[in-house]
1. May I ask for the equivalent-ellipsoid semi-axes of the chain, computed as the square root of five times each C-alpha gyration tensor eigenvalue and listed largest first in whole Å?
2. If you build the Cα gyration tensor of region 202-313 and take the root of 5 times each eigenvalue, what three semi-axes come out, in whole angstrom, biggest first?
3. Got a sec? How would 67, 4 order by Cβ neighbour count within 10 Å, fewest to most?
4. Please report how far the C-alpha centroid of region 301-320 lies from that of region 92-132, rounded to the nearest whole angstrom.
5. Based only on the alpha carbon positions, what is the Kirkwood hydrodynamic radius of region 261-400, in angstrom?
6. Note the full-extension length gain between residue 14 and residue 327 as 0.36 nm times their separation in residues minus their Cα-Cα distance, in nm to one decimal.
7. Multiply the residue gap between residue 398 and residue 78 by 0.36 nm, knock off their C-alpha separation, and tell me the result in nm, one decimal place.
8. How large is the convex hull of the Cα atoms of region 2-185 per residue, expressed in Å³ as a whole number?
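Where a number appears in this text, it was derived from the coordinates with a stated rule and is not lab data. Owing to the predicted nature of the structure, the values given are computational and were not obtained by experimental measurement. When we count neighbours, we look across all protein chains shown, and the Cβ atoms used for this are built from the backbone with ideal geometry, even at glycine.
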């Protein structure tokens, strides 16, 4: 059953076997969707439940969701060793939700439930462990629980913090849990690298209501930022979005605001690379302080904006820089020629070129050509997550 949805979102967890440990929080009802979200990214999921969890959801629900038998007790098959022992099958033990009781037991090495037995075995054999707490806020604030969570972190356990709402430490959103799993199980080839990404369209104010902008959705830039983050980089994204991404987000609107934000970041910290995926406005104007009355013809006097890439390069000559070159209705030969010209003019290390006249702006898929100083690196078509991976692959090669 699960094979029909495998990799329908991405293949970021393809080939990974994740054991999901479910304990007795009401948030256990969220795990059915969590299992499916992991499978949609290519993971194989096996579930293990405590007795308390079985009083909230039936094991059959997780068996249906995962298409695998659910472990509800340890038998002569020593399931905990099969999956989480030395050389075991699991790539990750993900405990979600994790109650205060379970957190304390894991911290103290107590294994009197199937889930805690898996955890003890995983921690003793080096299998990565991720814990997603869920409980009432008062329990989460208890000094012993705080101490136990810190003890888990010191053991190398990844703790995904809860959302504090309505006097409850609610389980993190499934999207957050999945992204943390992707980062933990990623190739980690960008660990220690600090990367700045610009993304999406900018907007130039005409009056308090109207703006001039373009069709760029920011999907490519967001996917690039997420791909770099999954692979261990410290990422900052500068854009018009407020997406709640697991990285530093800086909100800007105009081209000038983006320029100021980019330079402030690059001047204030040691960045290793900048990926300029934003579709920055080429023109701006002096906005009207009041709404312009409608009706009749309107003439706007436009003036060119500053070039962010060129300015950033002049101030940071050692920075790895990736630029984007969008054109319309060109042959590949002409597109490559213009991309190479942009690479030379802006002293770029890589250029991602595409013909937006044939699609790509605001769509889910695109086709791009990635160029380096030696020429065409690759031609990539498909989902923007696939394109993002190819871009980050090329950048990783530049670092190596």
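1. On the way: eigenvalues 413, 111, 78 Å².
The three semi-axes for the chain are 45, 24, 20 Å.
2. Details: eigenvalues 184, 47, 26 Å².
Semi-axes from the Cα gyration tensor: 30, 15, 11 Å.
3. Values: 67 16, 4 8.
So the ranking, lowest neighbour count to highest, is 4, 67.
4. Answer, in whole Å: 50.
5. Numbers: mean 1/r = 0.0591 Å⁻¹.
About 16.9 Å, per the Kirkwood formula over Cα pairs.
6. Working: separation 313, 0.36 × 313 = 112.68 nm, distance 3.42 nm.
Working it through step by step, the gained length comes to 109.3 nm.
7. Working: separation 320, 0.36 × 320 = 115.20 nm, distance 4.62 nm.
Gain in length upon complete extension: 110.6 nm.
8. On the way: hull volume 18.5 nm³, N = 184.
Given the Cα convex hull of region 2-185, per-residue volume reads 101 Å³.
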